[in-house]
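Visitor: One structure, as structure tokens, below. Some questions next.
The values are calculated or read from the model by the stated rules, or taken from the named source; none is laboratory data. Note that this is a predicted model, so its numbers are computed, not measured. Neighbour counts run over all protein chains shown; Cβ positions are idealised from the backbone, glycine included. Just the protein is used for accessible areas: all its heavy atoms, side chains included, with ligands, DNA and RNA removed. Shrake-Rupley method; radii C 1.70, N 1.55, O 1.52, S 1.80 Å.
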Amino acid sequence: MPLTLEPGDQVELYALARSAACQTVANSVVEPDAQVLAVSATGAGSALITVAVSPATAGQLLCASAAGSLGAVLLPGGSG
């Protein structure tokens with residue numbers, strides 16, 4: 001996660017590993033444009049971020065996050 005991520009930024013969220021349980025493919029976009037609502041640094045260049053997404057996407061994101069295979073990319077126009 002970018003350490004300069006701020007509420008209001010837009011991010012693209014990726015599943016980093018294939019998961020049959022999460023119905024994700026490795027390195028695939030799960031949410032192309034999520035708004036960051038909150039950011040909490042967790043140390044060593046990682047962060048816990050809260051994002052606004054559709055209910056249809058939320059389940060996949062929670063599953064990928066629980067599996068430890070979720071990544072975010074700051075989209076152009078963000079503060080990072």
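Visitor: Whole-Hz ³J(HN,Hα) for each residue in segment 4-12, computed from phi via Karplus 6.51 cos²θ - 1.76 cosθ + 1.60 with θ = phi - 60°, x for glycine and proline: what do you get?
Guide: Here the 3J(HN,Hα) series is 9, 5, 9, x, x, 5, 10, 10, 9 Hz.
Visitor: Which whole-number percent gives the relative contact order of segment 1-57, counting Cα pairs below 8 Å spaced six or more residues apart?
Guide: The value is 34 percent.
Visitor: Can I ask one more? Using a 1.4 Å probe, how large is the accessible area of residue 63, given in Å² and rounded to the nearest 10?
Guide: For residue 63, solvent-accessible area is about 40 Å².
Visitor: Summing Lys, Arg as +1 and Asp, Glu as -1, what charge do residues with Cβ under 15 Å from the Cβ of residue 13 carry, residue 13 excluded? Working shown, then result.
Guide: Working: positive: none; negative: 9, 12, 31, 33.
Neighbour charge sum, excluding residue 13 itself: -4.
Visitor: If you fit an axis through the alpha-carbon atoms of helix 55-66 and take the longest principal axis of the Cα set of the chain, what angle between them do you get, 0 to 90°, nearest 10?
Guide: Helix 55-66 sits at roughly 90 degrees to that axis.
Visitor: Using amide H atoms built 1.01 Å from N in the peptide plane, name the residues 5+ places from residue 18, or on other chains, whose amide H lies under 5 Å from its own.
Guide: Hits under the 5 Å cutoff: 26.
Visitor: A further question follows. Enumerate the calculated ³J(HN,Hα) couplings along segment 25-33 in order (Karplus 6.51 cos²θ - 1.76 cosθ + 1.60, θ = phi - 60°), each rounded to whole Hz, writing x wherever the residue is Gly or Pro.
Guide: Working through the residues one at a time gives 10, 3, 6, 9, 6, 9, 9, x, 7 Hz.
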